[in-house]
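Structure first, then comments.
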């Protein structure tokens, strides 16, 4: 027995003024069936959809309900009088407190207008007929994603209103009358955009904002219609935006995190054909104004780039006192590349956005990321404007680069790794005793980024060449014969000119172990350059002119012997090639 002061044993009367002297209206009946809901599938149909109808019947009574009927009828012309009465659905039994979902025996075929569905449960023993009938409206509307959330400002500057940009993604005009917009966290607040006709033309934009005057102070031109709407306040850390049509059906939605954007910059949609909920389809605006309300998004159709489009070309990790660390990148592709939204990432967790605005780098162009501006005085040519390089000042004490070894990588707007290097201070030229204040320079852009032989110490008198051709740059010539050595002769005297040579080979097999040995003119082995290194049908290896004791080889003629060994340890390619080591006359 439930005690009288238990809150679970009391409820508001279902009858005005109560039921004095009679049975309580909230007391369960012996026999009581109710239609509790009507559902349509799909729940938000579009024009000419075929719609299935279901009704939920619940036994609210204390007794088993036996032998009852469920009747459906459709009002097809909106006059509240059913034109179509469907055959009864007979139910044998339903236990107390149980529910059953009953299918209407006929679907609504090719729905074209608003249809009112009536459902009635016919149970002769029923003691409460007030809950035996229910009506629901099924109305065709537009398809999801017909209207898209294209851009929104969630973390504005002081005095700047929040705003949301919508885009009509169809070839038809859409009326936004009685549509709603909502946030997501912590408690969703849904507000009506307008109760008047608001027609949005095909492939056009509409900007909703709380203040149509204040928004104009932040953008030079807003070419599309501005509509004042009490859009819900969006959280700066994380929240969402949801658009509903006049039926309450979700047309588009996005959930965002603060890490997606930048304060004072809108979040712009990249592609109208990609998912609204994917982080990869959103980016902070590249526009100089921090947003593009009412016009094409600055990030629209941003490209995803392949690995080695850009390469890490120079690393200054052990700088002189008073100077800062820097990384140099090189556009290694034949195309101009926009690096807006790209990031530099260091293994310890340091992440720096290279540019929050559009920054286009031409082929063979450089990007210099410097921790602070001190390098501009040391490399004074960096202060001059140039199409060949862009300088990015991070305004930090350092780039968190280790002097001994570290991993650095570059990722594009979508998080794709464009290049990564795990460098080591052992990559420095052993002939240069003091490498402090000297960068590690890449020898060839065409050879693997993590090949130790492809890196050495800058020999430029300033200690590096940020924004310029590397001091130890060596041209890679694709092999047209079995073994090509270029340059030949070369002069490994650390003067920045032809200090390295590249052995480029072509083999008769797809895979092999590569051996390269170098002999002097007397036939003596002076250097084992490669010893059973895995290789493909073509490849290249850099030679620095040192012997196995890391001592400079003398001027003279040398013989390179390349052997390719197959998986059965059989030599299948054996190639000899002469080359010359030369030095300047003093």
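Pairwise over distinct Cα atoms, reciprocal of the mean inverse distance: report the Kirkwood radius of region 241-379 in Å, one decimal place. Before the final figure, lay out the partial values.
Numbers: mean 1/r = 0.0573 Å⁻¹.
Every distinct Cα pair counted, the radius reaches 17.4 Å.
Of (1) 122, 65, 56; (2) 111, 71, 52; (3) 91, 67, 49, which is the value of Cα extents along the principal axes in Å derived from the coordinates here?
Of the labelled values, this structure produces (1).
Once every Cα of region 26-138 carries one equal point scatterer and solvent is ignored, give the base-10 log of I(q)/I(0) from the Debye formula at q = 0.11, 0.13, 0.22 Å⁻¹, two decimals.
Normalising to I(0) and taking log10 leaves -0.36, -0.49, -1.12.
So if I average 1/r over every pair of distinct C-alpha atoms in region 90-218 and take the inverse, what Kirkwood radius in Å does that give? Mind dumping the intermediate values first?
Details: mean 1/r = 0.0513 Å⁻¹.
Over region 90-218, the inverse of the mean reciprocal pair distance is 19.5 Å.
On the Cα set of region 475-586, report Rg and Dmax in Å, please.
Here Rg and the maximum Cα pair distance are 14.0, 51 Å.
Relative contact order (percent) for the chain, with alpha-carbon contacts under 8 angstrom and 6 or more residues of separation? Walk me through the numbers before you get to the answer.
Values: 1444 pairs, mean separation 41.2, N = 586.
Computed value for the chain: 7 percent relative contact order.
Summing -39500 (n - 2.57) over the DSSP H runs of n ≥ 4 in the chain and dividing by its residue number, what mean residue ellipticity at 222 nm do you reach, to the nearest 500 deg cm²/dmol? Write out the running numbers ahead of the final one.
Details: 1 runs with 5 residues, N = 586.
Mean residue ellipticity at 222 nm (helix-derived): 0 deg cm²/dmol.
Once you sort the root eigenvalues of the Cα gyration tensor of region 147-284 as a ≥ b ≥ c, which label holds: rounded (a/c under 1.5), prolate (a/b larger than b/c) or oblate (the other case)?
Details: a/c = 1.31, a/b = 1.18, b/c = 1.10.
Rounded.
Classify region 111-158 from the C-alpha gyration tensor, please: rounded if a/c falls under 1.5, else prolate or oblate depending on whether a/b exceeds b/c.
Verdict is oblate for region 111-158.
Need one word for region 306-473: rounded, prolate or oblate. Basis is the Cα gyration tensor (sqrt eigenvalues a ≥ b ≥ c); a/c below 1.5 gives rounded, then a/b vs b/c decides. Please list the in-between numbers first.
Values: a/c = 1.36, a/b = 1.24, b/c = 1.10.
Taking the square roots of the gyration eigenvalues as a ≥ b ≥ c, region 306-473 is rounded.
Just want the ordering: 359, 316, from fewest to most Cβ atoms lying within 10 Å of their own Cβ.
Working: 359 17, 316 27.
If I rank by nearby Cβ atoms, fewest first, I get 359, 316.
Over 20 Å apart: what share of the alpha carbon pairs of region 353-429 falls there, rounded to a whole percent? Could you put the intermediate results ahead of the total?
Values: 1315 of 2926 pairs.
Value for region 353-429 (Cα pairs over 20 Å): 45 percent.
Going by C-beta contacts inside 10 Å, put 79, 412 in order with the fewest on the left. Present the calculation step by step, with values, prior to reporting the outcome.
Details: 79 9, 412 24.
Fewest-to-most Cβ neighbours within 10 Å comes out as 79, 412.
Relative contact order for region 450-583 using alpha-carbon pairs under 8 Å, separation at least 6, rounded to a whole percent?
Numbers: 299 pairs, mean separation 31.7, N = 134.
Answer for region 450-583 is 24 percent.
Can you put 420, 266 in order of Cβ neighbours within 10 angstrom, beginning with the fewest?
Numbers: 420 17, 266 31.
In increasing order of surrounding Cβ atoms, one gets 420, 266.
Assuming 0.36 nm per residue, please report the length gained on full extension of the stretch residue 531 to residue 197 beyond their Cα-Cα distance.
Values: separation 334, 0.36 × 334 = 120.24 nm, distance 7.80 nm.
Length gained between residue 531 and residue 197: 112.4 nm.
Here, each number is a calculation from the coordinates, and none is a lab measurement. Keep in mind the model is a prediction, meaning the values are calculated, not measured. All Cβ positions, even for glycine, are placed from backbone atoms using ideal geometry, and neighbour counts span all protein chains on display.
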